[in-house]
Amino acid sequence: MVASGMYPGALRQTDRLRLRIVLHGAVQGVGFRPFVYRLASELGLAGTVSNSSAGLAIEVEGPPGQLELFRARLQAERPPAALVLTQEENWLAAAGYRRFRILPSDTAAGKTAAILPDLATCSECLAELANPCDRRYGYPFTNCTRCGPRYSIILDIPYDRPRTTMRNFTMCEDCQREYTDPSDRRFHAQPNACPRCGPRLSAPVTEAARELAAGRIVALKGIGGFQLLVDARNQAAVLRLRRLKHRQEKPFALMMPSLEMVRRFCEVSEAEAELLCSPAAPIVLLRPTGLAGIAPAVAASSPYLGVMLPYSPLHHLLMREFPYPIVATSGNMSEEPIAIDNEEARHRLAGVADFFLMHDRPIARPCDDSVTRVVRGRPSLLRRARGYAPLPVEIDRELPPVLAVGGHLKNTVAIAIGRQVILSQHVGDLDTLEARRAFERVVADLCRLYAFDPRLAVCDLHPDYASTQWARASGLPVYAVQHHQAHVAACAAENGVHEPYLGVAWDGAGYGSDKAVWGGEFFLVEGGRFHRVAHLRPFRLPGGDAAVREGWRCAAALRYDTFGGSAVEDPILRRMLERGVNTPWTTSVGRLFDAVAAMLGVARENRFEGQAAMLLERTIGDIKTEEAYPLTAGDWRPLVVALEHDLRRGVAAAEMAARFHNALAAWIVEVAKQAGVRDVCLS
Ligand SMILES: [Zn+2]
Ligand SMILES: [Zn+2]
Ligand SMILES: [Zn+2]
């Protein structure tokens, strides 16, 4: 907080003063102005409040005691969805305000106001939705300043109705009255609407519920794009969705009507419940306690079940008609971008969906459901999209106007404005032409929305990433960062960790500074430099990319290096390793997981990224053991020897999987002790 100007305590209570406060952060579209209006009126203060591109500006005038009270209550009672990053305060001489007014938005200032993410339906709107006497009873597009779509409807800032996809809906008299009444919950709620004047559905919700009950696939136009829904209890229906969507085994997330139902299937801690019910309403990965009634095809290989609660009025209405767990997956073919436009969806999802539940409120940009997991009581984001994007990460120093274009898999784009890093929604893998186009749209959209003029593009060191190639062709000066150093630096920035610290980056694959495939790296970060202080003992990937899919190849490479050629049965593979043909080196912990999963007979291959590692973790089950295989200095040879020994003795796979995980944990502790630093960033 920055404060300056006169000291109010030096004045008599009868004197009038003016307090100017500017709030930066996500403060628009959350009911902040009506809140300030009510607070100022209640305290008998005059002045103004206005939205500008730079943030929310407040001027209040009155006796110093009342101003102090205003200041305290502004802090304590602010709208729950608001995110205040910084607050500037100035005590000034009175300007002679007579009353309190809300000023129209000013569009001149620099565009740094944070844009709010989409917010899950609030309790008041839910109550109205269920109240037969309310004029919005059963209306699927109800919202207020505390909830509703934001990022998915914003076309430009500052956030006002003409700059959203609601601009073509003219409010009726009743809605207009709410919109202009500072004491109303819908005062300046930009997407404000009702059945008379707002968006409409293409078909009744009851019909969609009937389709689900009949085992058919419903394409629903949600908040950030289309979703494909199917009855999660119906094995045949889930399998059919997998077949049509070309999604073999990757787990599906479920939507369940209530927290009570989630508790029936999964272990839900307090932190997890809070996250499920938060305004972001993400998918939360939970530990299942018993999945009786859920089709096995939903999430066969994962130790977790991804679950979310309904987050829009439309979802709530549907789940009221169909109160059972449903598969809710993004409306696309496997790994393609999510569909957002009605015509586009009809075209692209024609071969998958049996029924379309659409509406006429356009979606400004695609935004998938976010995926989170609670680790040690704290939420950690695995896929940052709806409900979080584009909230900034505040860092401790000013950055030049940098555009970071991200990696090739699970791509995300970021721009730096001053001390804020604004992250795009999850873009996805850049394998297809469609995905690369989506990536380009996200870059253009982010720059346009924030009137951002990048001076430098930062990309991955890997020369073949689509994002790297885009950066090289952009005409901007380019700075390439090693993949795992980027992982570690991002982790440190997000958590406010300062140098010196130890960064641990364990990953599937990233291009190393020595051109090898890295993925089991330790960096001591000091004085702005990354020292690679430890890494996994390198091994070979027989067959290159084939070894990334097929863990048994990695297992063969480990055996070859540990026991010699006679330990490898497959003659082709043995020859490959002997001659070193098509066998790139790697230090990837991800591949070590694959190899161990193959050795234990848990998984011979990956049908989707990370599958073998998931299965290996799932194998542990409830086993608790302190025992660990030796992995001193990242040398896996003693580990392979011990593992083979246990295999011959017939030790349970669960026990061996646990010892392997413990070995990795012990290695981190070992390196951390050697590095002698207090902070460790795990990425
Ligand atoms: Zn609401
Ligand atoms: Zn209306
Ligand atoms: Zn990575």
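Identification of strands (runs of 3 or more DSSP E) wholly contained in region 283-390 with 1 or more residues that are open to solvent by less than 40 Å² (accessible area, probe 1.4 Å) and touching a residue at least 60 places away in the same chain (Cβ under 8 Å) yields 283-288, 305-308, 326-330, 355-357, 371-375.
In region 414-442, the qualifying residues are those that are β-branched (Val, Ile, Thr) and touching a strand residue (DSSP E or B) at 6+ places or on another chain (Cβ under 7 Å), and the one that is modelled with the highest pLDDT is Ile415.
Would you call Val525 assigned to a loop (DSSP other than H, G, I, E, B), open to solvent by less than 40 Å² (accessible area, probe 1.4 Å) and away from ligand 2 (no atom under 16 Å from the Cβ)? Walk me through how you get there before you give the answer.
Working: assigned to a loop (DSSP other than H, G, I, E, B): no; open to solvent by less than 40 Å² (accessible area, probe 1.4 Å): yes; away from ligand 2 (no atom under 16 Å from the Cβ): yes.
Spelling it out, it is not the case that Val525 is assigned to a loop (DSSP other than H, G, I, E, B), open to solvent by less than 40 Å² (accessible area, probe 1.4 Å) and away from ligand 2 (no atom under 16 Å from the Cβ).
Against the criterion of being outside the structural domain of Ile338 (by TED's automatic domain parsing) and either open to solvent by 20 Å² or more (accessible area, probe 1.4 Å) or over 28 Å from the mean Cα position of the chain (by Cα) (or both), Pro182 qualifies. Consider region 149-162 and keep the residues that are modelled with pLDDT of 90 or more and open to solvent by 10 Å² or more (accessible area, probe 1.4 Å). The one that is nearest to ligand 2 (Cβ to nearest atom) is Arg161.
So which of Val581, Val533 is over 18 Å from Ala613 (Cβ atoms), assigned to a strand (DSSP E or B) and β-branched (Val, Ile, Thr)? Reasoning before the result, please.
Working: Val581 fails: assigned to a strand (DSSP E or B).
Only one candidate qualifies: Val533.
One residue stands out among those in region 111-138 that are among the hydroxyl-bearing types (Ser, Thr, Tyr) and away from ligand 1 (no atom under 12 Å from the Cβ): the one that is modelled with the highest pLDDT, which is Tyr137.
Scan region 113-141 residue by residue and report those that are closer than 30 Å to Tyr450 by Cα and either within 16 Å of ligand 3 (Cβ to nearest atom) or of a type in the set (Asp, Glu) (or both). The one that is closer than 30 Å to Tyr450 by Cα and either within 16 Å of ligand 3 (Cβ to nearest atom) or of a type in the set (Asp, Glu) (or both): Asp118.
Which residue out of Ala653, Ala675 is under 30 Å from Pro500 (Cα atoms), of a type outside the set (Ser, Thr, Tyr) and either out of contact with any strand residue (DSSP E or B) (no Cβ under 8 Å at 6 or more places or on another chain) or open to solvent by 10 Å² or more (accessible area, probe 1.4 Å) (or both)?
Within the list Ala653, Ala675, the selection yields Ala675.
Residues Arg196, Arg233, Arg200, Arg216: which one is open to solvent by 70 Å² or more (accessible area, probe 1.4 Å), more than 16 Å from ligand 3 (Cβ to nearest atom) and touching a His at 6+ places or on another chain (Cβ under 8 Å)? Don't jump to the end; show me each part of the working.
Details: Arg196 fails: touching a His at 6+ places or on another chain (Cβ under 8 Å); Arg233 fails: touching a His at 6+ places or on another chain (Cβ under 8 Å); Arg216 fails: touching a His at 6+ places or on another chain (Cβ under 8 Å).
Arg200 is the lone residue from the list that is open to solvent by 70 Å² or more (accessible area, probe 1.4 Å), more than 16 Å from ligand 3 (Cβ to nearest atom) and touching a His at 6+ places or on another chain (Cβ under 8 Å).
Taken over region 578-625, the criterion of being of a type outside the set (Asp, Glu), surrounded by fewer than 20 Cβ atoms within 10 Å (Cβ to Cβ) and closer than 16 Å to Gly510 by Cα is satisfied by Pro584, Trp585, Gly610.
Scanning region 566-576 for residues that are assigned to a helix (DSSP H, G or I) and surrounded by 13 or more Cβ atoms within 10 Å (Cβ to Cβ) gives Ala567, Leu573, Arg574, Arg575, Met576.
For beta carbons closer than 7 Å, sequence separation of 6+ or different chains, a first residue in region 644-655 that is within 17 Å of Phe593 (Cβ to Cβ) and assigned to a helix (DSSP H, G or I) and a second that is among the aromatic types (Phe, Trp, Tyr) and open to solvent by 60 Å² or more (accessible area, probe 1.4 Å), there are no qualifying pairs. Within the set Phe141, Phe187, Phe169, the sole residue that is outside the structural domain of Leu85 (by TED's automatic domain parsing), away from ligand 1 (no atom under 16 Å from the Cβ) and buried (at least 17 other Cβ atoms within 10 Å of the Cβ) turns out to be Phe169.
The values are calculated or read from the model by the stated rules, or taken from the named source; none is laboratory data. What you see is a predicted model; the values in this text were computed from it and never measured. Positions of Cβ are backbone-derived with ideal geometry, glycine not excepted, and every protein chain shown enters the neighbour counts. Keep in mind that these areas ignore ligands, DNA and RNA; they rest on the heavy atoms of the full protein, side chains included. Shrake-Rupley method; radii C 1.70, N 1.55, O 1.52, S 1.80 Å.
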